[in-house]
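The structure under discussion appears below in the form of structure tokens.
The values are calculated or read from the model by the stated rules, or taken from the named source; none is laboratory data. A quick note: this is a predicted structure, and the numbers were derived from the prediction, not measured. Here the Cβ positions follow ideal geometry from the backbone for every residue, glycine too, while neighbour counts run over all protein chains shown.
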Amino acid sequence: MLDIRNLQVRADDKDILKGIDLHVNAGEVHAIMGPNGSGKSTLARALSGHPEYAVTGGEVTFEGKDLLAMDPDERAREGVFMAFQYPVEIAGVNNANFLKAALNAKRKHNGQPELDAYEFISLVKEKSKLLEIDDSMLKRAVNEGFSGGEKKRNEIFQLALLEPRLAILDETDSGLDIDALKLVSAGVNAMRSPDRAFIVVTHYQRLLAYIVPDYVHVLSGGKIVKSGGKELALELEAKGYGWIDAA
Amino acid sequence: MGIIFMSFSEAVQHHPDLVKKYLGSVVPHTDNFFAALNSAVFSDGSFVYVPKGVRCPMELSTYFRINAKDTGQFERTLIIADEGSSVSYLEGCTAPMRDENQLHAAVVELVAHDDATIKYSTIQNWYPGDKEGKGGIYNFVTKRGLCQGRRSKITWTQVETGSAITWKYPGCILQGDGSIGEFYSVATTNNWQQADTGTKMVHVGKNTRSTIVSKGISAGHGQNTYRGLVRIGKNAKNARNYSQCDSLLIGDKCGAHTFPYLEIRNTSAKVEHEASTSKIGEDQIFYCRQRGLPLEDAINMIVSGFCKEVFRELPMEFAVEAQKLLSVSLEGSVG
């Protein structure tokens, strides 16, 4: 599904990713771990086409298409979703209207009819239960005045609505208490399916206790320095990142 | 119901007493250069009279158009709401594309008696000129409302997307005790447009209140100025004003300017002014795009959110139209 070859990315006049190779198949969950500043979030943002992250080398193909040639919105409509580490507030824009516009942009792209208000509301009702999204969160402006936990739940709620092929979670666990973490993880696990892949970027093992990955990759100095199964996360938790750098 | 709504030329024939009594009573011909020009040459316009105690059950709406080349247009609007009456009036305006500039110098006068309410909404879409700034309307308009009666209320709502140059300051003279003036404005300037707009709230009576919400959006080489006066007179005890002026910049060649004038001559007044200027958030645009919205849709969505407090003052169907107009006028502003 996703093929990353020798990806190099520059941001803030610094080379951050220095040659990433990663192959992700449908149905798989890949965790990207690593110390602060290792380039984890850069990888997530570069894949989603953030304008401040310039790709200086390498190739990325998604479902056989050149992902790097696409605009960010085109990538999204093709099925790449990123849950933001810091979800953005948009004053005056009703959350439900925003979600409906996003969903219909994608449906239009896929040649499906756009949902009318009634169909949209039924869909929202169905998807909002698991993440405990209440009416007031839909009526407020996008992320405005949301608590940290509400913002992250809103991200995963969007993931559930938009049903992407590839979901990238950028430090979704940061700033979450244990109850919110469980809720968000349950939302993600409900979305796991044989034709959907996840890339889970996280600093801590604790998220991976709830979202159990198939593969764990450790980033350090802009490169993947170690890959393994889910037990690698536990080993990192026990020994710290210093163990990898020393190895 | 006795509501009179007709063209000025008809009103002069059928209701000469009303016309004589009120014409020029709020904006005299000596007011300013363009008001004098209008007073000298105007030939028609619209006239509304709502009798005592009558609540006009529907929106009154007029539409102005400038068709002729190399011309000026000088219409006048006069709206009188008698005691305890209310009316909502909306005007729209467009003009076809011309390479030469045209002048629009209108005068609008509103009079609200005791307990009367006038809601006046404008969607101004005069031809703004082309991408290089060639052609377009010079929109130099004098609009003023007199809250003559006690507890009377006048609300101006304007969406300004057109014209090459706009100078326009719809104001309220809050003469009656307890009267209320409101001004809600969205002004966009793209390409080489200039908008210098705002309001004048003149507090004369006691316990008068005014609210000003101004949203300026500048794109291309557009220049957007908020210029507003809040004057609290000597006898205007317990007057209150709240002003909020927000500017949004799209791109790095446009400008936003804010000139609030505050003249306070009574120490019991409470006057608040808030202002903000920001560039449209790159992070907001990226967030929308990451959810699949094309760039222009993302900008439209963020801009309409920015204008929400003003749009919700418009009659429902016009709010939808205003939003569409805004997206048309900002077309090609980023890319």
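When you look at A:VAL80, is it among the hydrophobic types (A, V, I, L, M, F, W, C) and facing another protein chain (nearest Cβ under 10 Å), yes or no?
yes
Please verify whether segment A:149-156 includes one or more residues that are more than 21 Å from B:ARG291 (Cβ to Cβ) and not hydrophobic (A, V, I, L, M, F, W, C). Scanning segment A:149-156 turns up no residue that is more than 21 Å from B:ARG291 (Cβ to Cβ) and not hydrophobic (A, V, I, L, M, F, W, C). Which residue, of B:PHE311, B:PHE306, is of a type in the set (Phe, Trp, Tyr), out of contact with any strand residue (DSSP E or B) (no Cβ under 6 Å at 6 or more places or on another chain) and at the interface with chain A (Cβ under 10 Å from one of its Cβ atoms)? Criteria check complete, one pass: B:PHE311.
What are the residues in segment A:191-201 that are more than 11 Å from A:HIS30 (Cβ to Cβ) and surrounded by 15 or more Cβ atoms within 10 Å (Cβ to Cβ), if any?
Answer for segment A:191-201, where residues must be more than 11 Å from A:HIS30 (Cβ to Cβ) and surrounded by 15 or more Cβ atoms within 10 Å (Cβ to Cβ): A:MET191, A:ARG192, A:ARG196.
Only one of the listed residues (B:ALA112, B:ALA105) is farther than 21 Å from B:SER179 by Cβ, in contact (Cβ under 8 Å) with a residue 60 or more places away in the chain and within 20 Å of the chain's Cα centre (by Cα). That residue is B:ALA105.
Here A:LYS40 clears all of (1) within 14 Å of chain B (Cβ to nearest Cβ); (2) modelled with pLDDT under 95 except the condition numbered (1). The residues listed here are B:MET301, B:MET316; of these, the one that is within 29 Å of B:GLY92 (Cβ to Cβ), free of Cβ contacts under 8 Å to residues at least 24 places away in the same chain and more than 7 Å from chain A (Cβ to nearest Cβ) is B:MET316. Selection of segment B:58-91 for residues being surrounded by fewer than 18 Cβ atoms within 10 Å (Cβ to Cβ) and touching a residue at least 40 places away in the same chain (Cβ under 8 Å) yields B:GLU59, B:LEU60, B:GLU83. Which members of segment B:1-27 meet the condition of being under 16 Å from B:VAL108 (Cα atoms) and exposed (fewer than 13 other Cβ atoms within 10 Å of the Cβ)? Selection gives B:SER9, B:LYS20, B:LYS21.
Given the conditions (1) modelled with pLDDT of 95 or more; (2) out of contact with any Leu (no Cβ under 6 Å at 6 or more places or on another chain); (3) over 30 Å from B:PRO96 (Cβ atoms), and given that B:HIS203 satisfies all but one, which numbered condition is not satisfied? Failing condition for B:HIS203: (2).
Between A:GLU126, A:GLU52, the distinction of being under 28 Å from A:TYR241 (Cα atoms), of a type in the set (Asp, Glu) and either within 14 Å of chain B (Cβ to nearest Cβ) or over 20 Å from the mean Cα position of the chain (by Cα) (or both) belongs to A:GLU52 only.
Of all residues in segment B:152-166, those satisfying the criterion of being more than 21 Å from B:ASP115 (Cβ to Cβ), buried (at least 24 other Cβ atoms within 10 Å of the Cβ) and among the hydrophobic types (A, V, I, L, M, F, W, C) are B:VAL159, B:ALA164. Scanning segment A:141-188 for residues that are farther than 30 Å from B:SER304 by Cα, of a type in the set (Lys, Arg) and in a helix (DSSP H, G or I) gives a single hit, A:LYS182.
Within segment B:266-293, how many residues are within 11 Å of chain A (Cβ to nearest Cβ) and either farther than 25 Å from B:GLU160 by Cα or among the charged types (D, E, K, R) (or both)? Residues in segment B:266-293 being within 11 Å of chain A (Cβ to nearest Cβ) and either farther than 25 Å from B:GLU160 by Cα or among the charged types (D, E, K, R) (or both): 10 in total. Looking only at segment A:83-107, residues that are of a type in the set (Lys, Arg) and either surrounded by fewer than 20 Cβ atoms within 10 Å (Cβ to Cβ) or more than 7 Å from every other protein chain (Cβ to nearest Cβ) (or both) come to 2 in all. Within segment B:251-272, can one find any residue that is of a type in the set (Gly, Ala, Ser), touching a Lys or Arg at 6+ places or on another chain (Cβ under 7 Å), surrounded by fewer than 14 Cβ atoms within 10 Å (Cβ to Cβ) and not in a strand (DSSP E or B)? Yes, the conditions are met somewhere in segment B:251-272.
Under the condition of being farther than 19 Å from B:LEU146 by Cα and of a type in the set (Lys, Arg), the residues counted in segment B:81-133 number 2.
Note on segment A:56-74: among residues that are surrounded by 21 or more Cβ atoms within 10 Å (Cβ to Cβ) and within 8 Å of chain B (Cβ to nearest Cβ), the one that is nearest to A:LEU43 (Cα to Cα) is A:PRO72.
The lone criterion from (1) assigned to a loop (DSSP other than H, G, I, E, B); (2) within 14 Å of chain B (Cβ to nearest Cβ); (3) out of contact with any Lys or Arg (no Cβ under 6 Å at 6 or more places or on another chain) left unmet by A:GLY111 is number (2).
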